[in-house]
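Data first, discussion second: the structure below is written as structure tokens.
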4 protein chains.
Amino acid sequence: MEVGFLGLGIMGKAMAINLLRHGFKVTVWNRTLSKCEELVQNGASVGETPATVVKKCKYTIAMLSDPSAALSVVFDKNGVLEHINGKAYIDMSTVDADTSSKISEAIKAKGGYFLEAPVSGSKKPAEDGQLIILAAGDKALYEEALPAFDVLGKKSFFLGEVGNGAKMKLVVNMIMGSMINAFSEGLTLAERSGLNPGTLLDVLDLGAISNGMFKLKGPTMLQNSYSPAFPLKHQQKDMRLALALGDENAVSMPVAAAANEAFKKARSMGLGDLDFSAVHETLKVPDHSS
Amino acid sequence: MEVGFLGLGIMGKAMAINLLRHGFKVTVWNRTLSKCEELVQNGASVGETPATVVKKCKYTIAMLSDPSAALSVVFDKNGVLEHINGKAYIDMSTVDADTSSKISEAIKAKGGYFLEAPVSGSKKPAEDGQLIILAAGDKALYEEALPAFDVLGKKSFFLGEVGNGAKMKLVVNMIMGSMINAFSEGLTLAERSGLNPGTLLDVLDLGAISNGMFKLKGPTMLQNSYSPAFPLKHQQKDMRLALALGDENAVSMPVAAAANEAFKKARSMGLGDLDFSAVHETLKVPDHSS
Amino acid sequence: MEVGFLGLGIMGKAMAINLLRHGFKVTVWNRTLSKCEELVQNGASVGETPATVVKKCKYTIAMLSDPSAALSVVFDKNGVLEHINGKAYIDMSTVDADTSSKISEAIKAKGGYFLEAPVSGSKKPAEDGQLIILAAGDKALYEEALPAFDVLGKKSFFLGEVGNGAKMKLVVNMIMGSMINAFSEGLTLAERSGLNPGTLLDVLDLGAISNGMFKLKGPTMLQNSYSPAFPLKHQQKDMRLALALGDENAVSMPVAAAANEAFKKARSMGLGDLDFSAVHETLKVPDHSS
Amino acid sequence: MEVGFLGLGIMGKAMAINLLRHGFKVTVWNRTLSKCEELVQNGASVGETPATVVKKCKYTIAMLSDPSAALSVVFDKNGVLEHINGKAYIDMSTVDADTSSKISEAIKAKGGYFLEAPVSGSKKPAEDGQLIILAAGDKALYEEALPAFDVLGKKSFFLGEVGNGAKMKLVVNMIMGSMINAFSEGLTLAERSGLNPGTLLDVLDLGAISNGMFKLKGPTMLQNSYSPAFPLKHQQKDMRLALALGDENAVSMPVAAAANEAFKKARSMGLGDLDFSAVHETLKVPDHSS
């Protein structure tokens, strides 16, 4: 199976390599062409523009950094639209539902096929082919894409109309954002009440609410170490968008709203580029020793 | 090893039976004596009063329903205090730190030894000997009690001074209370935004925040089924006490505070005796069809 | 002084009549022309289209119901833009900063002068010429408009660049929205704690936080009467926009966020078209008698 | 009319002087006797102990700093209880409902009459005889006390059973605490969005939510000046007690809960002894210049 692949950032590179390893023929493109080299060493071809890649491949996958990059690759000169007639485009970037709809409509208007397929999971799952794929749009295309999804992820879902993939991701990230705040409050309460927060981690780990995020983030939060796996400003943006989705549908979400304000507080403290677990810092007592 | 056991409710009965099965000689007492029968069939002796049990056994474990029962068994006529001199008392009931301290001081003043040891886990883990034991108080007694704790729980912790067991339990339950609200908001947002909340459960289950509580409660919450494993009014009481602990120590906990108000809303709706997951009902749109 | 006036809803009609009474020559336009009759009886001329009015008058004031009406009057065929060259346009509608900027840029590009001037105050202050006018944009135009503002309002402010009028209004309405929630919680707490909420109104009225809104809304809220002076859905929209403004500027506003969720809850209960004080209903105990 | 007066702090001194000026014969007592001197210069007699004062006067008013002082004056050796038989005791201190009930019961058991009468208003209203008096308990005693209340306050209320005075005060202070947070958020949003917060004060002052507290605190908050008229730690304590009252009665109060967490945040920043308006500091951006 021959696929195009647009976007070789941390995620995209790992995903394209996985496809190559599993026998896919892959033609890659990246805005900075030098990033294609490692892929070429792994057997990839290179396309000069998104349009070239789409022209060459029946299926093209994109993994771009944000909505503006996702739009640019499609709508700009030498973009996806130019040769999309009769071809399939699978956008796995994380974008909002509006961006996704705009791309979907343009591609369908030009005679192409579209699937949005944002993923849950970051660098490590991408490398291990353990992403969770939240697909929506063209059902037939979803089924044709399954061999690729089987390589990239441990599980894929088809969620119906375009936009639902983005929405599902927001819901998951909103729950995650409230949970990291609940966790941070618990760690802080333990510490300030004279308990050993490390023991709290052990106790939590044995109980019904034990989960991978607490295990991963707990020890680093206790060391005030927030190397960014998922930047706080992106987490806060997802909380904001999830709350906006709730607003549209008249869903009151007081816990998510409180968590969102904590993330905003963290942003105002200049922590937006650190890991989202840096929201922990909002609960600290200011150091009067300095 | 011979132990006394006071209190044969759902938890206490399961725990006493486990001790008998593992070769402990157990003398039981319960306010309603008829509840002792099943234990006698399993090989237990019966003591007529708490005082009798304590007189007979070097170690007495208590598992009572609430602070007032815990106090009553110790301080009332024919209570634990009457023969505690030189004996050890291990209170595994869930009580607040103040109650625990009151009992501790009285027992030590009479020449006894005291350990508080509240547990995390409900009926099933009690039956399976899979409780998490949060002990605090007399360190030497904790070590002597380990053979019993090994039978009752999968893990025990010694947390320092009396009161720390109660506090640790509050912290854990506070995190849990915020999490169930975050989860409920996510389920509601999914449903109201046109996503399948059952699929949300599947997606969550594959990711970093997957946990036993979501797995257990998700399906029942989607069916509006709230058979009480842990009554909402108790969860809300624990949130209140955790927030009070935070107040003492000047810890701001906006997410827990928002979650607590949701539980209070649920209580005002008459849901206090249902499972704590019934907080889900606070987010429902009123049914105008009736 | 001759002015044009576009939009004769509740607010616009009262304002245009005030201008006529104070000796202004007024040419009015309204989408539904029949609404112009009362103004004609008061001495107004009628313009057939927004373009006609602008062509005739050096200054044209607009008071339209929402952003889409405000945009339509400017950009549609026979709209304001067609004859704006050398003329002045004062938009007193309540619109968001983006809408205001879009109108401002288009008018300036065509050689016109623009002032945004949203007002604080509803029907009664409009009739009494007691509005508060929050102007921003062209400073010279603001000064030329003062004779009209003196008739329409008790006070006008010049707030700098276009968008600041809209922002100031959002800030005021956000404080108001949090306050009505604080008030509603207090009334509910009084009632549910066995106090007479009517007495609470009397006590409040004597103290430092006594204010016109409590005086006006208190008695009607106690009667569960929410005839819409300012619809709840508009109040919630202003809370949302104020929170979005805070998000842009990394301002954490936990109280406003909690208030916003209460308004959303009220919307989900179907109360969006009632007065914003209907948020009071979100705190009521459900009636189990039916 | 002869009255005893216990407690000559800031409030008590002003109140006792008012009584003297209006022709009451006053016998004063204070823990630190030197504080009685100014009163003696104004014509007061001095009693050596609370018991002496009560013995001498048919009516004794108390204005003490906190619940423990209020309890001590009644229950300690040479306390009020010793001569209360047939006498009347009016406690105007701000205490919780439990403390008030304890004092009430002891006094009635000894054959005395009791009225609680906490006040709304601080130093200035006390000096000007402009307090608001929230009385509860013995109705007949309330009526006998009216001549004194007319001197001390601008208005008094009889609220029913003992405890209701304390509760009414909590409700008022809770609303006030949420309002100061709403106000602080608005000032911060204005400033951070490029608006002049001083102009916001002017705009607010003209509208329906204009109130004495905004007028008084606004200018000082903008100067980061928080000289304590009502200490933040006391305001937070009242929020906590109001929320506890809501908890008892299953009243969900999400806005007050969010405001309470902000006050706790302020306490954790070491601002507890400043004015309650210092909660404003919780929204500030940390200064990175130092």
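Every number here is computed from the coordinates shown, using simple stated rules; none is lab data. Source: prediction; values computed, not measured. All Cβ positions, glycine included, derive from the backbone under ideal geometry; neighbour counts span all protein chains shown.
Is any helix in chain C, taking whole DSSP H runs, at least 27 angstrom long along its axis by alpha carbon and on average at least 0.0 on the Kyte-Doolittle scale, and which ones? Each step should come with its number before you reach the end.
Working: long enough: C:164-192 (42 Å, 0.39).
The answer, listed by residue number, is C:164-192.
Give the separation of the Cα centroids, segment D:137-190 to segment B:1-61, in Å.
Value for the Cα centre distance between the two parts: 55 Å.
I'd like the Karplus ³J(HN,Hα) series for segment A:40-57: coefficients 6.51, -1.76, 1.60, θ = phi - 60°, whole numbers in Hz, and an x wherever there's a Gly or Pro.
For segment A:40-57, the Karplus curve yields 4, 4, 8, x, 7, 8, 10, x, 6, 9, x, 4, 4, 4, 4, 4, 7, 10 Hz.
What residues have an amide H closer than 5 Å to that of residue C:114, excluding those fewer than 5 places away on the same chain, when H is modeled at 1.01 Å from N in the peptide plane?
C:89, C:138
Expressed as a whole number of Å, what is the distance separating the alpha-carbon centroids of segment C:228-290 and segment B:203-274?
23
Which entries of B:265/D:265; A:233/C:265; A:25/B:215; A:102/C:55 have Cα-Cα distances beyond 32 Å here?
On the way: B:265/D:265 24 Å; A:233/C:265 27 Å; A:25/B:215 39 Å; A:102/C:55 39 Å.
Violating the 32 Å Cα-Cα cut-off are A:25/B:215; A:102/C:55.
Dipole of segment A:168-266, Cα-centred, from +1 at each Lys and Arg C-beta and -1 at each Asp and Glu C-beta, to the nearest 20 debye?
With only Lys, Arg, Asp and Glu charged at Cβ, the dipole is about 280 debye.
Where does the longest stretch of chain C lie that holds no trypsin sites (Lys or Arg not before Pro) found in a DSSP loop with 14 or fewer other Cβ atoms within 10 Å?
C:78-283
Give me the Å³ per residue figure for the convex hull around the C-alpha atoms of the protein assembly as shown.
Here the figure is 220 Å³ per residue.
Ignoring everything except DSSP H segments at least 4 long, calculate the 222 nm mean residue ellipticity for chain D; use -39,500 (n - 2.57) per segment, divide by total residues, nearest 500.
It lands at -16000 deg cm²/dmol.
Please give the net charge around residue B:108, taking every other residue with its beta carbon less than 15 angstrom from that of residue B:108, where Lys and Arg add +1 and Asp and Glu add -1.
-1
Name the GluC sites (Glu not before Pro) in segment A:1-84 that are in a loop by DSSP and that have at most 16 other C-beta atoms within 10 Å, would you?
Sites meeting the loop and neighbour criteria: A:48.
Sequence-distant or interchain residues sharing an amide H contact under 5 Å with residue B:46, placed H: which?
Under 5 Å from the amide H of residue B:46: B:28.
Please give the net charge around residue D:228, taking every other residue with its beta carbon less than 13 angstrom from that of residue D:228, where Lys and Arg add +1 and Asp and Glu add -1.
+1
Given H placed 1.01 Å from N in the peptide plane, which residues other than close sequence neighbours of residue D:131 have an amide H under 5 Å from its amide H?
Under 5 Å from the amide H of residue D:131: D:153, D:154.
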